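Chemist: Structure incoming, see below.
The values are calculated or read from the model by the stated rules, or taken from the named source; none is laboratory data. Predicted model only: the values in this text are computed from it and were never measured. Please note: Cβ atoms are built from the backbone with ideal geometry, for glycine as well, and neighbour counts cover all protein chains shown.
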Amino acid sequence: MKFEVEHRHEPEFEHLDFRVEEGIAVVTIRRPEVLNALSSALLRELAEIPELVAEDPEVRVVVFTGEGRAFVAGADIPEIAGLSDVFVAREFSLLGQDVMNAIAAMPIPTIAAINGYALGGGLELALACDLRVAARKAKLGLPEVGLGLIPGFGGTQRLPRIVGVGRALDLILTGRHVEAEEAYQMGLVNRLAEDALKEALELARLLAKNGPVAMALAKEAVFRGFDLPLPEGLEIEADLFGLVSRTADFKEGTSAFLEKRKPNFKGE
């Protein structure tokens, strides 16, 4: 299904580029002069993406990437340096967490195309995505302790869930940067590529062919069941399996298989 860009009123952002084509939304963070650092203004723009995507039934996958040498090289240090009040600092952390939570809660698949540095808040943004594709030249890490800080946009919580507590503490307490290859070996990134965005778009096209309702419910099953005992997680899976069996997409997918043709999913 070809998405006609000219028929859509694209939003105007100061620090983001947003485009949609063939069911894939690409969000490019554009503050290359500061390696795409996350200011509060940029965070508020990112906060609009989940709602913007939810309004467009054509969008099946979202890809996040950065302009220039970095994916996102962290939060905006000059802004952070001015956070001398405990309550103001807490609100800045909550703003970042709210944005990452909204991205993580999107029912469609999200991919971080890590084209360069993904540090601090940048890695936390990548962790909020479902899948991470890293360029071989990329460097990843949570260096906050070197600034006398701790990760504040979800890094202390999402990283251990992805790589395990031991590996997470290694990265968080040392603040060291890891090469993309090491990040891949520890399960922090899913794929390596010479061109992260190109590889992420190929992956996005693969995902966009699948049933959108099925992908949404599969994500729900994984995340709702993750911290539960296995029997409870299996109950969730069975409930959602039953739910998806009543959808038009299920009927289309099984019919297409039996008729040896490609399915035409409507997201219904």
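Chemist: Among PRO57, PRO50, which is the only one that is within 30 Å of GLY211 (Cβ to Cβ), over 15 Å from the mean Cα position of the chain (by Cα) and assigned by TED's automatic domain parsing to the domain that holds ILE111? Explain how you work it out, then say what you get.
Modeler: Working: PRO50 fails: over 15 Å from the mean Cα position of the chain (by Cα).
Result of the check over PRO57, PRO50: PRO57.
Chemist: So, one more: Anything in segment 188-221 that is of a type outside the set (A, V, I, L, M), modelled with pLDDT of 95 or more, touching a helix residue (DSSP H, G or I) at 6+ places or on another chain (Cβ under 8 Å) and part of a helix (DSSP H, G or I)? List them, or say none.
Modeler: GLU220
Chemist: Also, quick follow-up: Across segment 142-176, which residue is surrounded by the fewest Cβ atoms within 10 Å (Cβ to Cβ) among those that are small (Gly, Ala, Ser) and not in a helix (DSSP H, G or I)? I'd like the intermediate steps shown before the answer.
Modeler: Keep residues of segment 142-176 that are small (Gly, Ala, Ser), which gives 146, 148, 152, 154-155, 164, 166, 168, 175.
Filter once more, so that each one left must be not in a helix (DSSP H, G or I): 148, 152, 154, 164, 175.
Numbers: GLY148: 6, GLY152: 22, GLY154: 22, GLY164: 13, GLY175: 17.
So, considering only residues that are small (Gly, Ala, Ser) and not in a helix (DSSP H, G or I), the one surrounded by the fewest Cβ atoms within 10 Å (Cβ to Cβ) is GLY148.
Chemist: Let me ask something additional. Can you spot a residue in segment 56-76 that is hydrophobic (A, V, I, L, M, F, W, C) and surrounded by fewer than 18 Cβ atoms within 10 Å (Cβ to Cβ)?
Modeler: Initially, segment 56-76 is screened for residues hydrophobic (A, V, I, L, M, F, W, C), giving 59, 61-64, 70-73, 75.
Add one more test, that the residue is surrounded by fewer than 18 Cβ atoms within 10 Å (Cβ to Cβ), and what stays is none.
Within segment 56-76 (the criterion being hydrophobic (A, V, I, L, M, F, W, C) and surrounded by fewer than 18 Cβ atoms within 10 Å (Cβ to Cβ)), the answer is no, since none of the residues qualifies.
Chemist: What are the residues in segment 37-51 that are in a helix (DSSP H, G or I), touching a residue at least 40 places away in the same chain (Cβ under 8 Å) and buried (at least 18 other Cβ atoms within 10 Å of the Cβ), if any?
Modeler: The answer is LEU43, LEU46, ILE49, PRO50.
Chemist: Next question, about the same structure. Can you tell me which of (1) out of contact with any Phe, Trp or Tyr (no Cβ under 8 Å at 6 or more places or on another chain); (2) closer than 22 Å to ASN36 by Cα; (3) hydroxyl-bearing (Ser, Thr, Tyr) is the one TYR117 doesn't meet?
Modeler: (1)
Chemist: Could you list all residues from segment 121-141 that are under 15 Å from ALA183 (Cβ atoms) and assigned to a loop (DSSP other than H, G, I, E, B)?
Modeler: CYS129, ARG136, LYS137, ALA138
Chemist: Then there's this: Of all residues in segment 22-33, which are closer than 18 Å to ALA126 by Cβ and part of a helix (DSSP H, G or I)?
Modeler: The answer is PRO32, and nothing else.
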